Amino acid sequence: MEVELQEDGVALAAAQTPKPRTFEAWLGQAGNPTPLPRTDHRLPVLVVGAGPAGLAAMAALQQAGVEFEGLEFHSQVGGIWDQSNPLSSVYDSLTTNTSRYTMHLGSAMPSSWPDYPHHRQAHGYLERFAEESGILPRIRFLTSFEGARQSDHHTWIAALRSVGEHQSHAREYRAILIATGMHNKKNRIYPEPLRSQAVASGLDVIHASEYRNPAGYVGKRVLVVGLGVSGTDIASEISRVASRTMLSFRSVPWIVPLNLFGRPGDLAALSSTSRLPFRVQRDFFRMVRAMTVGDPRRLGLPLPTDGLWDRFALSDRGIVEALRTKRVVAYQNAIAIENGVAQFDDGHSEPIDAVVFATGYERKYPLWDATTPRGKTLSETLPFLIFDSTDPSRACLSEAISPCGCWPIFREQGRAIAAFFAAEQADATSVLDFNARRSLPSPDVKRNWYKNADGFHVNAGAYLQTLQKLTAWLSASRRTVSALRASSSPVVAAQEGDLSGHS
């Protein structure tokens, strides 16, 4: 069976390989006993990036007793949540689009904060987390990751360049964890030739990652391209000062209420995912959505072609009211911009003064940019969405997409990765078992959610539970390879011999 997925901004036809339903089913698969090489445990693990993902990984490695070194090209922690970071896509009024209840790295955000904290509060939380975790002294700031190559003895030689240096310098690491995130200016996507046409027309053209506030759009006719979280937020805000605001879309997501019965909607999504059958969950959300948002056609939008939760749904952060009152007018698919006039699929055209391309970001991570096998999606090459399918010395904290905050997911991803390296350090037999299965299909973490979306879209409850079980299993083994030498097990003996190739 084949299904068309959207990953890295490209439509891919991927063979849908059956996934084991649970972690236990994954563990029950017959593994491939082919051993994988082990690296030098005396060297630290390199963590690239000091945003929420990188901080979560560093804290987990420290807790697990695994030596590490953090790397951050900016002068302080926070990633995109630090607006002073040159790569930050945060605009002035931005609040989190998931609630503080599902957005944390272990300790809850203060109860005095609003349900959806301001970005400065989110950044402050990350600064306190880094300080309280004791990881700040182990982060090299103002240093860029320029790439890495593997040595003959399975370590990584990373090229690092500090601010002010004209050339990079090399440092050796046991393994590399990529935590560089996705939603930053390096990864932004523009639709061509629409962008080139807008520039040629002499319009004010930016990507949503460059938007900061609506001051420059007073009295202007503005086209926002993209019906996602950023596009709808920015269109709603600009429409309060612009003379006309148009929102162009290619496909339409279901719009769902931000809050349910006075509580953040992501709480309901997280709590319901592990307790109720998917059909019951979806019927409940359909009913609530119909009662609150209503028929999309009354907002000037066509009906979505996917079922609710077959793809990611858009939380209403003000766009419904803006569309109802015509402060924002939606048009399907801007196909051309000529001489300052936008042309749409339905034959409609309008003069415009400015364009904001809220057209998203490409999912790409250093070391994986050019290594994804042809015909496979990136998510298929990352067991549990974090490990490499063939190389135990590299891992990636990927941004999984769900109705809930991704920070707790980063925390569990970091703990699972740290558990693997700690087990590898101790020669635990769970590492042999894991390596024998790392190329097999990972457990199903969708559980019927997001069936038409790529593999990074997950059922948050199922994914968190799976990662927790993986961490517990990797950490629980007390037997070591050396302790099993006397057993004369041919599989263990063969694996142990290969794994001890470099120490």
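Just so it is clear, none of the values below were taken in a lab; they were calculated from the coordinates. On a predicted model such as this, the values are computed, not experimentally measured, just so you know. No Cβ is skipped: glycine too gets one built from the backbone with ideal geometry, and neighbour counts run over all protein chains shown.
Taking the radius of gyration and the Kirkwood hydrodynamic radius from Cα positions alone, what is the Rg/Rh ratio for segment 189-357, to two decimal places?
Result: Rg/Rh = 1.02.
Report the dimensions of the chain along its three principal axes from the alpha-carbon atoms, largest first, rounded to Å.
79, 57, 48
In the chain, if the dipole is taken from +1 on Lys/Arg beta carbons and -1 on Asp/Glu beta carbons about the Cα centre, which of Y173, Q425, G300 is farthest to the positive end?
After comparing all options, I get G300.
Just to check I understand the Karplus step: with θ = phi - 60° and J = 6.51 cos²θ - 1.76 cosθ + 1.60, what whole-Hz values come out for segment 107-124, glycine and proline as x?
Listing the rounded values in order: 9, 5, 5, x, 5, 6, 6, x, 4, 10, x, 5, 4, 5, 5, 4, 5, x Hz.
Rounded to whole Hz and in sequence order, give me ³J(HN,Hα) for segment 358-367 from the Karplus expression 6.51 cos²θ - 1.76 cosθ + 1.60, θ = phi - 60°, writing x for Gly and Pro.
Computed from phi, the couplings for segment 358-367 are 9, 9, x, 9, 7, 7, 8, 9, x, 6 Hz.
Apply the a/c threshold of 1.5 to the C-alpha gyration tensor of segment 179-271 and tell me whether it is rounded, prolate or oblate.
Since a/c reaches 1.5 and a/b is larger than b/c, the shape of segment 179-271 is classed as prolate.
Using amide H atoms built 1.01 Å from N in the peptide plane, name the residues 5+ places from V328, or on other chains, whose amide H lies under 5 Å from its own.
L323
Set Lys and Arg Cβ to +1 and Asp and Glu Cβ to -1, take the dipole of segment 189-357 about its Cα centre, and tell me which of V356, S196, L270 lies farthest positive.
L270
Hey, what do the phi angles of segment 237-245 turn into as Karplus ³J(HN,Hα) couplings, whole Hz, using 6.51/-1.76/1.60 and θ = phi - 60°, x for Gly and Pro?
Each residue's phi maps through the Karplus curve to give 6, 4, 4, 6, 10, 7, 6, 7, 10 Hz.
If amide H atoms are built 1.01 Å from N in the plane of the peptide, which residues on other chains or at least 5 residues away come under 5 Å of the amide H of D316?
V256, L258
If the only charges are +1 at each Lys and Arg Cβ and -1 at each Asp and Glu Cβ, what is the size of the charge dipole of the chain around the Cα centre, to the nearest 20 debye?
1000
Can you give me the pair-distance distribution of segment 279-340, C-alpha pairs, 10 Å bins, whole percents?
All Cα pairs considered, the percentages come to 17, 46, 26, 8, 2, 0.
Can you tell me the equivalent ellipsoid semi-axes for segment 297-384? Use √(5λ) from the Cα gyration tensor, largest first, whole Å.
They are 34, 20, 13 Å, listed largest first.
Please list, in chain and number order, the residues 5+ apart from H207 or on another chain whose amide H is under 5 Å from its amide H, with Hs placed from the backbone.
Answer set, sorted by chain and number: F357.
Can you give the charge dipole size of segment 189-357 about its Cα centre, rounded to the nearest 20 debye, using +1 on the beta carbon of Lys and Arg and -1 on the beta carbon of Asp and Glu?
The dipole magnitude comes to about 620 debye.
With both bridge residues required to lie in the chain, what share of the DSSP beta bridges run antiparallel, to the nearest 5%?
Of all bridge pairs located within the chain, approximately 45 percent are antiparallel.
Could you order peptides 238-249, 295-306 by the average number of other Cβ atoms within 10 Å of their residues, highest first?
With the highest mean Cβ count within 10 Å placed first, the list reads 238-249, 295-306.
Under 20 Å from the 7 Å Cα→Cβ point of Q29, by amide nitrogen: which residues of segment 427-450?
Taking a point 7 Å out along Cα→Cβ of Q29, the residues of segment 427-450 whose backbone N falls under 20 Å are 429-449.
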